[in-house]
Structure formats: structure tokens, C-alpha cells
1. Considering 271, 283, which residue is basic (Lys, Arg) and closer than 20 Å to residue 499 by Cα?
2. Pairs under 8 Å by beta carbon, first residue over 13 Å from residue 311 (Cα atoms) and touching a residue at least 60 places away in the same chain (Cβ under 8 Å) in region 81-105, partner surrounded by fewer than 24 Cβ atoms within 10 Å (Cβ to Cβ) and of a type in the set (D, E, K, R), six or more apart or different chains?
3. Could you check how many residues of region 281-298 are within 23 Å of residue 473 (Cβ to Cβ) and either within 11 Å of the ligand (Cβ to nearest atom) or more than 20 Å from the chain's Cα centre (by Cα) (or both)?
4. Has region 200-211 got at least one residue that is over 13 Å from the mean Cα position of the chain (by Cα) and either closer than 15 Å to residue 35 by Cα or within 16 Å of the ligand (Cβ to nearest atom) (or both)?
5. Consider residue 194 against the criteria (1) within 24 Å of the chain's Cα centre (by Cα); (2) away from the ligand (no atom under 16 Å from the Cβ): it satisfies all of them except one. Which criterion is unmet?
6. Taking only region 170-185 into account, find how many residues are near the ligand (Cβ under 10 Å from one of its atoms) and of a type in the set (A, V, I, L, M, F, W, C).
7. Please verify whether region 124-135 includes one or more residues that are touching a Lys or Arg at 6+ places or on another chain (Cβ under 6 Å) and surrounded by fewer than 24 Cβ atoms within 10 Å (Cβ to Cβ).
8. Quick check on region 399-425: of everything there that is among the β-branched types (Val, Ile, Thr) and either farther than 21 Å from residue 286 by Cα or assigned to a helix (DSSP H, G or I) (or both), which residue is farthest from the ligand (Cβ to nearest atom)?
Amino acid sequence: MTGPPMEPITTLYSSNLASYGESKLTGYVVFVAILAASGGLLFGYDLGVTGGVESMESFQKQFFPSVYEAEQDGTDSSPYCTYNSAALQFFTSVLFLAGLLASPVAGWTTKRFGRLVSMAVAAISFLIGSGLNAGAQNLAMLYVGRIFLGIGIGFANSSVPLYLSETAPFKYRGALNQLFQLSTTIGILVAQLINYGIRDWEEGWRLSLGLAAVPALILLIGSIVLPESPNSLCERNHEQKAKEILQKLRGTADVDWEMRDIIEATVLSKKVTMRQSWRMMLKRRYLPQFITTLLIPLFQQLTGINAIMFYVPVLFRSLGKGAESALLNTVIVGAVNVVATLVAIFTVDRLGRIFWFIEGGLQMLVSMIVTAVVLAVEFSKYSDGILPTGTAIGVLVVICVFVAAFAWSWGPLGWLVPSEIQTLETRAAGMSSAVFINFLLSFIIGQTFVSMLCAMEWGVFLFFAGWVLIMTLFVFFFVPETRGVPVEKVQVLFAKHKIWKKVMGEHAEDVILENKHGMMARKAEAIEGGVDGKKAQDDSDSDMDGLIEERPSSVWQQTYHVPNPYSPMGSEGSGIEGALSSRASQMVSGGVEIQPMDSVVEEDTTQKSDSGKDR
Ligand code: BGC
């Protein structure tokens with residue numbers, strides 16, 4: 001799964017954020033985040049190293065002699081077709097196939113045994129893969145090595161983004177979560193720099209492929225010395241240990257409210273199984289979110305970014321430039337990718353998601369069209385397929401404009417938004433389907449781009465431009481702004497949306513009403529807890545109108561056969577008071593009544609036997 005900034009349940013769920021203890025960005029949490037983000041380096045390194053290695057002559061000679069000959073010869077085929085080799089494309093894409101297949105196992109391992117176990121599996125698998133690749137004597141070794149790297153990516157991407165979100169203080173969660181995307185782009189750049197540095201070495205590709213072991217070693221050390229995430233410990237009934245780690249991460253003993261939310265969320269996540277989560281997501285009520293969750297990663301890949309990322313050195317060689325300048329151009333593209341990702345990290349919460357989606361989309365659209373036109377016009381002028389330097393620089397600039405646009409829009413948002421639009425009930429299935437689609441499309445593009453380039457020539461860039469237009473229109477008409485919207489509210493955005501509400505049918509109204517009751521409940525909770533009650537009251541007052549109106553919620557009842565916890569007709573009375581007391585004293589999830597949180601926390605800290613062995 002590609003750098004999937006996957007938000008943990010508590011990230012968006014927490015209804016008591018204002019009451020969390022003093023939530024500092026401690027040195028310890030920064031250390032934890034940086035070490036864990038090496039998982040992104042690992043992923044990025046792989047993305048970045050591939051194309052450069054494929055463009056190296058010694059590598060081609062040994063493993064893909066037909067490509068080498070086509071390049072040396074250069075006369076009998078179109079410049080667009082030099083690298084058209086299914087074997088070469090498989091080298092690129094098999095990684096994603098392996099990652100795709102490993103992801104469900106990785107998801108299960110992450111939940112069952114913890115985030116650190118998955119990180120360790122990722123690192124070990126990566127070490128094996130980089131060893132096999134560096135020492136490869138034949139194509140089979142090369143492919144098997146890539147399969148191990150793919151498994152590593154499947155595990156790293158299922159655990160690291162989640163871990164980053166779970167250990168970060170809520171105020172910095174967005175930024176620390178995006179650290180994964182940033183470290184992915186840094187990994188890409190480092191790989192490109194190494195490829196450039198060793199370009200004149202005979203068999204230098206062995207070093208390029210072997211150095212993937214460095215981020216893997218860092219991650220392995222990380223998986224040994226890092227603390228397990230509090231959420232994962234709670235999931236496995238080690239609440240006391242979780243609390244101690246949370247206190248250390250936050251630099252304060254005052255973590256009771258956050259612990260409460262973590263426990264509440266993990267109780268829910270334990271009750272809603274993956275199967276239930278899938279079943280719910282396919283129902284009309286959740287369909288708009290499901291469709292959006294599938295389309296965003298699909299569109300992210302259909303921007304053509306990985307055609308550029310995997311094949312930019314190959315592309316520049318195809319454009320008639322020598323190996324050295326092709327690799328240098330690639331480094332420039334990689335650097336632009338990093339810098340533009342930083343722009344996104346610092347502005348995405350201020351300017352919002354939709355602004356960047358649209359701006360990035362338009363910028364990508366223009367640059368793809370310009371690339372197509374330049375190539376169409378210029379290649380027809382130069383029959384030897386060698387573009388003049390000025391034109392080649394022009395193409396480089398346009399590709400940089402494209403990559404910058406991607407890096408501050410669909411790059412980070414392609415992961416962030418699917419994680420933000422999930423409800424708690426559908427989160428598990430939602431995120432794994434996003435990851436699945438991302439890997440699947442990465443595989444398909446890795447496997448087909450060079451053949452598409454050969455068959456469609458410059459038209460391939462128009463193909464991607466067409467998709468960019470479609471996705472930009474999709475965002476404009478269908479994706480609600482999620483900046484600063486808590487998870488409880490996200491479904492309301494869809495329920496009020498003029499098109500999606502039709503898809504949801506009568507459920508749209510249910511969602512809106514339930515949300516109002518939920519707001520009331522939070523007010524009750526805050527008043528009861530005596531914490532920042534005024535703020536909660538202010539927040540919820542605007543949602544009070546019309547609360548008396550009754551309508552039982554169908555989905556909760558149908559799916560779990562339980563009374564709607566937000567219904568004013570709940571077991572403890574009717575109307576506003578009923579809603580308040582009902583929600584304040586119980587929360588129902590997955591058909592199981594959850595005890596009032598105070599008693600849960602108390603019970604956890606006093607009665608539960610906690611082995612505390614779980615780091
Ligand atoms: C995408 C990758 C891409 C990378 C480039 C990620 O968000 O999922 O497929 O290679 O960005 O920086």
C-alpha cells in the first residue's frame with residue numbers, strides 16, 4: 001500500500017479533544033515519529049530506484065539484453081518503443097503485486113500482534129529482498145527479490161502510517177501523519193541521487209539495489225526500540241502499559257481523557273469485524289463514502305504519477321538524452337517532489353483539501369497537454385529521435401510542474417481524504433480497499449506504461465490528461481471539504497450533499513438526525529465530566545434545533561439489531577432528556593453495550609491483570 005496516511009480511529013473520533021491533558025510535541029514523540037517514518041523511506045526508495053537502474057547499461061546487458069540492443073541500435077524502432085519489454089515492466093510492477101497480496105495478511109498481523117511486529121516483518125522482508133537484488137545472478141533472483149520487497153512494502157504501509165497517527169499528539173496528528181508521504185518522497189530522491197552518484201560504476205546497480213537495506217535496518221532497529229502504540233496495546237488488553245506509554249509520549253501524567261477515547265475507540269474497533277465493516281459499507285447509507293474511497297486512490301494513480309516516477313529516467317533516455325543527463329533530470333524531478341510535498345504539509349489545513357485538489361488538477365492537466373503537444377511536434381521534426389537540448393529542458397520543466405502539482409494535491413490527499421471520510425464502523429474495510437486499489441493501479445501502470453507509450457506515443461500523456469480532467473470534475477462536484485471535520489460529522493456532509501443524498505435515500509435524513517443527537521450527547525458528556533462544558537455547549541447549540549423530531553435510525557438497528565443509541569426514544573426516556581441520559585450513560589457498538597467510560601478506565605487500572613510485557 002502506498003504511503004497510506006491511515007488515520008487511526010481515535011484521530012478523528014475523539015470528542016473530548018479540548019479536555020486532553022497538555023499535549024506537547026515532546027522530544028520523545030519526535031524521535032518516535034522520525035524513526036517510524038523510515039518505513040516511508042523504504043517505500044520511496046523502491047519507487048525511486050527502479051527506473052534509474054533500468055536505464056543503466058550494465059543492468060540492461062545482464063538482465064534485459066533486448067532492451068540494451070534496441071537502445072544501442074536505435075534505428076529500427078520508434079524512440080517511444082525502446083523500453084517496451086514485458087520482462088522489464090514486470091520487474092517494476094511485481095513489487096506492487098506482492099504488496100497487494102501481502103496487505104490483507106499485514107492488516108491482520110498489525111491488528112492481532114501489534115504495529116511493531118508488522119514493522120519488523122517489513123524490515124526483515126526488505127533486508128532479504130535487497131540482498132537478493134544486490135547479488136542477483138539471473139532474472140529469477142531479481143524477481144524473487146522484488147517480491148520480498150513488495151511484501152515488505154505491504155507490511156510497512158499497513159503499519160507505519162497507522163503507528164505514526166496513533167503515537168502523535170492530536171494537535172500534530174495531521175502533520176506527523178503526512179510525515180509518511182514526506183519520507184516517501186525523500187526515499188525516492190535519495191534513491192535517485194544514489195543512482196546518479198554511481199552512474200559510471202560497472203555493476204553500480206548492485207549498490208543502488210543493495211542500499212535499500214539501510215532504511216530497512218533503521219526500521220528494524222525502530223521495531224525493537226520503539227514503544228508499541230497505546231491503541232494497539234489497548235486492543236490487546238494491556239491498558240496499564242498503554243497508559244504508561246501514553247504518558248511518556250505526551251510528557252504528562254494527565255492522559256485520562258485521551259486514554260478514555262482510545263479505550264472507547266478500541267472497544268468499538270474490536271466489536272466491528274472486518275466482515276461487518278464490509279457489509280455495512282456496501283449498504284446505501286455508506287455507499288457515497290465507499291465510492292469516494294475507491295475512486296480517490298484510483299484517480300491518484302490515473303494522474304500518471306507513477307508513469308513518471310518509475311520511468312522518468314527511461315523516458316528521458318527515450319527522449320534522446322544520455323544516461324547521465326537522464327539520471328540528473330530524474331534527481332531534479334525528485335527534489336521538486338520533496339519540496340512540493342512540504343508545501344502541502346504546511347498549507348493543507350489552512351487552504352483545505354478541495355482547493356489543492358482543484359489547483360493541482362488544473363496544473364497537472366495543463367502540463368500533461370503541453371508535454372503531449374511538445375513531443376508530438378518535436379519528435380516528428382527529428383527523425384533520429386534525439387530532441388535538441390532546449391526542447392528536452394522544456395520537457396523537464398513541464399514534468400516538474402506536473403510533479404509539483406501532484407505532490408501538493410493528489411499525493412498526500414490521495415491518502416488523507418479516504419482516511420478522513422470513513423465512519424468508525426467502516427474504517428477497517430474502507431482503508432484496506434483504498435490501499436488495495438492504490439497497489440492494484442500501481443501494478444497496472446507499472447506493467448503497461450511503456451507499452452502504452454510505444455503504442456500511443458505522445459497520446460499517452462493525453463490519456464492521463466483526460467483522467468485528470470475527470471477527477472478534477474469529480475472532486476468539484478462530489479467530494480465534500482473535510483478540513484477540520486470530526487469523524488462523527490463526516491457522514492453528514494454526504495447526507496446533505498445534493499447528489500449523494502439521493503444515493504443514500506431515506507438514510508440521509510437518519511444520518512442528519514443522528515448527528516444532532518450525537519451533538520447533544522457530547523454536550524451531556526462534557527457537562528457530566530465537568531470539562532470544558534461551555535465550549536462543548538457552544539459547539540452543540542447550533543445543532544439543537546429540531547432535535548425533538550423523531551425518527552429511529554434504521555441501519556444501526558438493522559445491522560446490529562440494537563436500539564439506536566442516539567434515538568430520543570432510547571431506553572432511558574424520550575425527547576432531549578432521554579437522548580442526553582441515554583448517550584451519556586451508554587454507547588452501543590456492534591451490538592454490544594459499552595460500559596460508561598469512567599468505569600472502564602477505573603476497572604482497567606485497578607482490576608485488569610496486565611502483563612505489561614508488551615513493550
Ligand atoms: C503515491 C505513489 C507515488 C508517490 C510519489 C504517493 O502518494 O501513492 O504512488 O509514487 O506518491 O511521491
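Derivation of every value follows stated rules applied to the coordinates shown; laboratory data play no part. Predicted model only: the values in this text are computed from it and were never measured. A quick note on method: Cβ atoms are made from the backbone with ideal geometry, for glycine too, and the neighbour counts reach across all protein chains shown.
1. 283
2. Partner pairs satisfying both residue conditions: none exist.
3. Here the count works out to 3.
4. No: zero hits.
5. (1)
6. Residues in region 170-185 being near the ligand (Cβ under 10 Å from one of its atoms) and of a type in the set (A, V, I, L, M, F, W, C): 2 in total.
7. yes
8. The extreme case among them is 401.
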